[in-house]
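Here is the structure we will look at, set down as structure tokens.
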Amino acid sequence: MRFALNHIAAPNLSLPDFFAAARDLGVTEVEIRNDLPDVLSQWRPEQVKAEAEKAGVTIVSINALYPFNTWAGNLPARAEEMADYAAACGAKALVMCPLNDGTPVAFDSLVGALTAMKTILDTRGLTGLVEPLGFPISSLRTKAEAIRAIQAAGGEGTFRLLHDTFHHHLAGETEFFPDWTGLVHISGVTDPAVSVADMLDAHRVLVDGGDRLENLPQIRALLDAGYDGAFSFEPFAPEVHGAADPKGAVKASMAFVSAQL
């Protein structure tokens, strides 16, 4: 298997230090973000591209356009701006997350958003990574529904799924779609007290022996079914972000996962 690293795994590292840490770990694929830390507001895209080339890493995605499935207000302009940035910094894909506040979004609206995004992405040579969110309040919880919408939008050549082990578990989804999957996010939950329905991003740690999300079975299932892409660490827990040695913590998780597989 091949690991990647999302900047959220070590958000206190500067962009150059994050790229260098990835290389030190033997990782050559990275994801940058527009939130924690907000690389897009702090770095010009040509600077990001230069730093990535200097470190010898590939930017597999910018994470994330939200909420991509409500195509109104300033979203179209934000989508174009983020896509321009992705193309200019050398990123391969743009992660797209659905509305997650309890408001339903009609299937036709989802298809309409994908249709509009297809033009934006295709003209810039980018892939759209659609990431269903498994939270009970999410407007797009399953990969099966995402695939149905992508097909309805004629977007098979533009969009791929982002399989997130946390969201897969929360949604109760059992089917895997390796041929549709462009990237996998991995993180674990070890808190024994929190119910699945109450799990939040703040519970997401690096994968270890206490994981409750069945990361290892999910990874095995994807690999056995032919998925050959990267598995990117995406933990949100404050204790991970505040780790004294973030690179060492990721290294330990990499070693654990590799040994179990």
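Here are a few things to note about the model shown:
- Residues that are assigned to a loop (DSSP other than H, G, I, E, B) and in contact with a strand residue (DSSP E or B) (Cβ under 9 Å, 6 or more places away or on another chain) were ranked within the range 209-224; the one that is surrounded by the most Cβ atoms within 10 Å (Cβ to Cβ) is 213.
- Among the residues of the range 76-94, those that are outside any helix (DSSP H, G or I) and either of a type outside the set (Gly, Ala, Ser) or more than 19 Å from the chain's Cα centre (by Cα) (or both) comprise 92, 94.
- Subset of the range 225-261 that is among the hydroxyl-bearing types (Ser, Thr, Tyr) and buried (at least 17 other Cβ atoms within 10 Å of the Cβ) - its residue that is farthest from residue 20 (Cα to Cα): 227
- Residues (under 18 Å from the mean Cα position of the chain (by Cα), under 20 Å from residue 76 (Cβ atoms), of a type in the set (A, V, I, L, M) and assigned to a loop (DSSP other than H, G, I, E, B)) located in the range 111-154: 126, 140
- Single condition residue 157 does not satisfy, out of (1) buried (at least 20 other Cβ atoms within 10 Å of the Cβ); (2) outside any helix (DSSP H, G or I): (1)
- Unique match (being of a type in the set (A, V, I, L, M), within 16 Å of residue 140 (Cβ to Cβ), surrounded by 18 or more Cβ atoms within 10 Å (Cβ to Cβ) and without any contact (Cβ under 8 Å) to a residue 40 or more places away in the chain) among 121, 114, 99, 75: 75
- Among the residues of the range 225-261, those identified as among the charged types (D, E, K, R), over 17 Å from the mean Cα position of the chain (by Cα) and either in a helix (DSSP H, G or I) or within 16 Å of residue 4 (Cα to Cα) (or both) are 239, 247, 251.
- Considering 125, 90, the condition of being within 23 Å of residue 32 (Cα to Cα), at pLDDT 95 or above and touching a Lys or Arg at 6+ places or on another chain (Cβ under 7 Å) is satisfied by 90 alone.
- Check on residue 185, assigned to a helix (DSSP H, G or I) and under 22 Å from residue 223 (Cα atoms): no
The values are calculated or read from the model by the stated rules, or taken from the named source; none is laboratory data. Since the structure is predicted, the reported quantities are computational estimates derived from the model, not experimental observations. Heads up, the Cβs are rebuilt from the backbone with ideal geometry, glycines too, and the neighbour counts pull from every protein chain shown.
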